[in-house]
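Enquirer: Can you read through this structure? Questions will come right after.
The values are calculated or read from the model by the stated rules, or taken from the named source; none is laboratory data. Because the structure is a prediction, the values reported are computed rather than measured. All Cβ positions, glycine included, derive from the backbone under ideal geometry; neighbour counts span all protein chains shown. In case anyone asks, the SASA skips ligands and DNA or RNA and just uses the protein heavy atoms, side chains included. Shrake-Rupley method; radii C 1.70, N 1.55, O 1.52, S 1.80 Å.
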Amino acid sequence: MAHTKIASKFWPSLGARLAAGGLCLAAAAGAIAQVLSNESQYVNKNRNTGWFFYRDQNPPPPPKPAQVASQPTSVVFAPNPAPAASSILAPAKLANPFSVSWLKEKLPILHENAINNPSDENVRAYKYAERLMLDMATNYGNAVERVVAADPMLNEEARFPIAAAARASALFQVDAARKEILKTIAPKTGIWFVFDSTCSFCHTQYDTLQDMVKEYNWPIRYISVDGKPLKGMTTFWPDPRGERSKTLGVQITPAILLVSPPRNVTIVAHGALARAALEKKIVTAAISMNIAPPELVDVARMQERGILTPADINKLQTQKADTSDPRQLVEIMNSAIYGTYDTSTKR
């Protein structure tokens, strides 16, 4: 009974405490449930960011922009400054209509317009400009033909025949003059043939030389750079390691030199040549050495007449004339070309 009395004495306060404790537990459970709900929503929302993803839920607020005291804005339109005198561009000078300069500028534009927009108007404009260009070219060609036909210094047919029959006759004269030069210089000159017995081209050139030497009765000296003769060769001059030949300018074999005593020596050719080419080179060398008969030189060089040589051009450059004047230009050029013709054709 005593215990019952004691319990009843304290029951009211114990009940109140238990009731308060229940309320606290209920509140705590509600809070926990709210947290779990928030976490569940956060996880469901960010499940694709990865297991170790971290994001601060409360990032610091962005800094506030500095406040500038507002002032009334007034817009003032200043007048455009005058351009400096040096910056003023003068209008482009247009070429004279329907001139060559005008066509150079206009044709590409008209052509592009006709391609971009091939209307009848654009195409017709381009074709008329093109027609003008072709007509001007035809007029120029006709004038060239007329002027060249009337001026022998410009006429290629007058310089050397072009027609088949006349050309064949002229070439025959050239060939005859060359052979006459060879006959004339053979008794007073000699041929040196530098060779190597192991050189296949030297054997070929040796056979060619044999025929030419027999025809003109030309004295010839065979010089071997390896000390051995070619097949069929009875006499030769050894030149160990080609030391003497090198002093004369020989670089490869076979080599042919034209010798005019006492000290006039020139290299005619390096390498194997056909007989016609070899004879032509010997004649050219003889003319350069001034040992060919002058009366035959002009005929032998008939194909070269009317052509200004480097010496002629150098002399022309020393002329004091106003080359901007067409008359003076034609006069000095005509005189220079006329001087290249042989005396038998001058009148």
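Here is a yes/no grid of residues against (1) open to solvent by less than 70 Å² (accessible area, probe 1.4 Å); (2) aromatic (Phe, Trp, Tyr); (3) modelled with pLDDT of 90 or more; (4) more than 36 Å from the chain's Cα centre (by Cα):
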residue: Ser86; (1), (2), (3), (4): no, no, no, yes
residue: Phe98; (1), (2), (3), (4): no, yes, yes, no
residue: Lys104; (1), (2), (3), (4): no, no, yes, no
residue: Ala114; (1), (2), (3), (4): yes, no, yes, no
residue: Pro118; (1), (2), (3), (4): no, no, yes, no
residue: Val123; (1), (2), (3), (4): yes, no, yes, no
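Conditions (1) of a type in the set (D, E, K, R); (2) farther than 23 Å from Ser288 by Cα, marked per residue:
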position: Cys199; (1), (2): no, yes
position: Asp211; (1), (2): yes, yes
position: Lys231; (1), (2): yes, yes
position: Ile256; (1), (2): no, no
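Enquirer: Kindly provide the set of residues from region 247-274 that are more than 38 Å from the chain's Cα centre (by Cα) and open to solvent by 30 Å² or more (accessible area, probe 1.4 Å), ordered by number.
Expert: Once the filter is applied, which keeps residues that are more than 38 Å from the chain's Cα centre (by Cα) and open to solvent by 30 Å² or more (accessible area, probe 1.4 Å), region 247-274 yields Thr247, Leu248, Pro261, Pro262, Arg263, Asn264, Val265.
Enquirer: Another question, then. Mind checking which residues of region 275-292 are open to solvent by 60 Å² or more (accessible area, probe 1.4 Å) and hydrophobic (A, V, I, L, M, F, W, C)? I'd like the intermediate steps shown before the answer.
Expert: Looking only at region 275-292, we keep the residues that are open to solvent by 60 Å² or more (accessible area, probe 1.4 Å), and these are 275-276, 280-281, 284, 288, 290.
Ala276, the sole residue that qualifies.
Enquirer: Shifting gears a bit: Checking Ile191 against (1) over 21 Å from Val250 (Cα atoms); (2) of a type in the set (Val, Ile, Thr); (3) not in a helix (DSSP H, G or I), only one condition comes out false. Which one?
Expert: (1)
Enquirer: If Thr234 satisfies all but one of (1) in a loop (DSSP other than H, G, I, E, B); (2) modelled with pLDDT of 90 or more, what's the number of the condition it fails?
Expert: (2)
Enquirer: Out of the residues in region 325-347 meeting the condition of being touching a helix residue (DSSP H, G or I) at 6+ places or on another chain (Cβ under 8 Å) and among the hydroxyl-bearing types (Ser, Thr, Tyr), tell me which one is modelled with the highest pLDDT. It would help to see each step written out before you state the result.
Expert: At the first step, the residues of region 325-347 found to be touching a helix residue (DSSP H, G or I) at 6+ places or on another chain (Cβ under 8 Å) are 332-333, 336, 339-340, 342-344, 346.
Among the residues that remain, those that are also among the hydroxyl-bearing types (Ser, Thr, Tyr) are: 340, 343-344.
On the way: Thr340: 85, Thr343: 63, Ser344: 61.
Filtering first and then ranking leaves Thr340.
Enquirer: Please determine, by comparing only the residues of region 143-164 that are part of a helix (DSSP H, G or I) and open to solvent by 80 Å² or more (accessible area, probe 1.4 Å), which one is farthest from Ile282 (Cα to Cα). Break it down stepwise before answering.
Expert: Quick first cut of region 143-164, residues part of a helix (DSSP H, G or I) only: 143-150, 156-159, 164.
Cutting the leftovers down to open to solvent by 80 Å² or more (accessible area, probe 1.4 Å) gives us 145-146, 150, 156-157, 164.
On the way: Glu145: 38, Arg146: 40, Ala150: 37, Glu156: 27, Glu157: 28, Ala164: 27 Å.
Looking at residues that are part of a helix (DSSP H, G or I) and open to solvent by 80 Å² or more (accessible area, probe 1.4 Å), I get Arg146.
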